[in-house]
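A short write-up of the structure that comes next.
The values are calculated or read from the model by the stated rules, or taken from the named source; none is laboratory data. These numbers were taken from a predicted model, which means no experiment stands behind them. Cβ sites come from the backbone with ideal geometry, for glycine too, and all protein chains shown count toward neighbours. To get the accessible areas, we keep the full protein, side chains included, count just its heavy atoms, and leave off ligands, DNA and RNA. Shrake-Rupley method; radii C 1.70, N 1.55, O 1.52, S 1.80 Å.
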Amino acid sequence: VRDAGGTVTVVDDGETAALEAAIAAHHTDGQVYTFGFDAFVRTVADAIDAAGGDADNALIENFG
């Protein structure tokens with residue numbers, strides 16, 4: 001994704017503020033794709049909605 005010009009942000013466990021900041025900064029740049037365990041992807045979806053986006057438009061893969 002990065003090689004194709006997309007933004008890739010890796011956030012360590014517990015770095016909710018960094019995750020929310022990345023979503024707020026980039027959710028309007030194009031498609032949001034995230035993958036991880038349930039609590040993480042729910043946090044991403046909430047951050048998208050809080051930033052004024054629509055989490056239903058994100059591509060979210062949940063590991064369970």
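Observations, loosely collected:
- Per DSSP, loop GluC sites (Glu not before Pro) in the chain with at most 12 further Cβ within 10 Å: GLU15
- Rolling a 1.4 Å probe across the protein heavy atoms gives the chain an accessible surface of 71 Å² per residue.
- The chain, dipole about Cα centre (Lys/Arg Cβ +1, Asp/Glu Cβ -1), debye to the nearest 20: 120 debye
- Percentage, to the nearest whole number, of Cα pairs in the chain over 15 Å apart: 46 percent
- Residues considered: VAL32, VAL11, VAL41. Largest GNM mean-square fluctuation over the chain, using C-alpha springs under 10 Å, is found at VAL11.
- Between the range 1-23 and the range 38-64, the C-alpha centres lie 13 angstrom from each other.
- Formal net charge of residues neighbouring GLY36 (Cβ-Cβ distance under 13 Å; K, R +1; D, E -1): -4
- Portion, in percent, of the accessible area of the chain that falls on carbon or sulfur, probe 1.4 Å: 49 percent
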